[in-house]
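Structure record follows, encoded as structure tokens.
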Amino acid sequence: MTSTPLFGGIGRALSHRQFFLLWWGHGTITTGRWMYKVAIGWLTWEMTQSTVWLGIVAFADTFPLVIMSIVAGVWADRVGYLFIMRLGQTVMVLAGILVTVLAFTDALEIISIVLVTLVIGTSEATTQPARISIVHQLVPKEDLAAAIALNSATYNFARFLGPTIAGGLIIWVSIPFVIAFSAGTFAIFYGVLFFLNPPELKKERAITTGMVRDLIDGFQYSFSHQGISFLLISLSVTALFIRPYIDLLPGVSAQIFDLGAEGLSILLAATGLGAMLGAIWLAQRGRTDGLTNIFTWSLLISAISILLFIISGNIWVGAVLIAIVGFFIVLGAITSQTLIQSAVYSGIRARVISITMVLAWGLPAVGALGMGWIAEFLGLPFTLALGGTLTVLLWLWAHRTGKQLVPILEGGLDPEAGAGRA
């Protein structure tokens with residue numbers, strides 16, 4: 001497999017066999033995870049007709065990122081990325097088998113949905129810092145931006161493909177079948193992990209260093225770095241006020257567009273398609289310069305698109321607008337991840353990545369819980385509009401600040417500069 005001018009950075013990234021295996025397995029399990037999210041989300045809505053319960057299930061699915069991913073980042077830096085990935089995936093496979101059995105025996109209740117989803121979310125959270133950080137070992141630095149963007153493109157293609165498949169299977173087969181299919185993808189990725197053999201990184205500090213000290217070092221490094229702290233603050237706001245819309249889409253389909261599972265499938269597929277296109281564009285672009293400007297503008301455009309989505313009144317117009325939201329949300333996620341990975345010192349990388357995940361992926365769980373509760377009283381349109389408006393206000397600060405930080409963020413950081421903090 002060789003790189004070609006036609007595919008640019010994408011071809012270069014996939015020319016590395018170990019990364020190709022990870023990329024393929026990542027795409028398979030992510031498709032299954034989105035199928036699980038659609039099936040469980042719609043089952044929750046059918047059982048409860050409550051935005052509060054939607055928020056609780058979403059919280060159980062993604063909040064473990066807030067707790068586990070920080071600890072998992074320390075573990076990954078200590079014992080190796082691959083070991084942590086295999087451990088977490090073992091638990092995920094067992095949980096997938098359990099939820100499949102419960103679904104086919106008609107034993108799934110709302111409490112068991114929350115508990116099993118919590119286990120799956122926790123096991124996934126354990127693997128995520130290592131899954132992201134291991135990319136740095138599988139491709140050379142010059143192909144890193146393309147590899148990160150391609151992984152995100154794959155994630156977002158799965159976010160398009162998974163709901164599309166799940167929506168059809170829910171209508172024509174059954175929810176238990178969708179859950180079983182998704183559990184099968186957990187097992188496939190588990191098998192892929194045994195074909196990976198990344199080079200071991202030299203351990204630059206004693207394994208006996210206290211875990212609490214490691215955690216403190218990770219936070220100190222992240223928030224004392226002017227560029228990384230700017231990205232983390234911006235990601236925190238969008239994670240709380242924009243990204244929870246995904247977990248509330250079952251209610252949006254029913255309350256705003258007066259549709260059922262087919263409306264949910266359309267909206268999820270549209271946001272995934274938009275995100276996939278954004279990620280592919282960045283992967284093809286394959287360079288770091290200009291990413292700061294892309295990051296800040298993505299905040300404004302995603303917020304305005306959410307506001308227009310709320311008043312669209314038509315499922316197909318809404319699908320176009322939510323695709324735009326997905327496009328620019330993923331631009332913000334990839335650009336921030338690329339800038340951070342390019343700058344961070346290698347000995348502390350997994351810890352910094354885990355902090356990024358807490359803010360970018362874990363906080364949407366908090367946002368979904370809060371917005372679901374607010375929507376119960378004020379309605380989904382007002383709640384989503386409030387989030388969009390607050391993000392526009394954030395952009396007024398971020399756009400000006402980002403311009404000042406371009407030399408720091410895009411110029412990179414000498415790895416040795418952070419050695420004393422790790």
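None of the figures in this text is laboratory data; all of them are computed from the coordinates on show. On a predicted model such as this, the values are computed, not experimentally measured, just so you know. Note that each Cβ is placed from the backbone with ideal geometry, even for glycine, and that neighbours are counted across all protein chains shown.
Every Cα-Cα pair in the range 76-130 was counted, and those over 19 Å apart are 35% of them. Each 5 Å bin from zero up to the one holding the largest Cα-Cα distance in the range 262-314 carries the following percent of pairs: 4, 15, 19, 26, 17, 11, 7, 2, 0. With a sphere of radius 10 Å drawn around the Cβ of Asn293, what net charge do the other residues whose Cβ falls strictly inside it have (Lys, Arg +1; Asp, Glu -1)? Combined, the nearby Lys, Arg, Asp and Glu give -1. Per-residue 3J(HN,Hα) values for the range 16-31, derived from phi via the Karplus relation 6.51 cos²θ - 1.76 cosθ + 1.60 with θ = phi - 60°, read 8, 4, 4, 5, 4, 5, 4, 4, 5, x, 4, x, 5, 5, 5, 4 Hz in sequence order (x marks Gly and Pro). Ordered from longest to shortest, the equivalent ellipsoid semi-axes for the range 38-144 are 31, 15, 12 Å, each the square root of 5 times a Cα gyration tensor eigenvalue.
The Cβ shell under 15 Å around Thr185 holds other residues with a net charge of +3, Lys and Arg each +1, Asp and Glu each -1.
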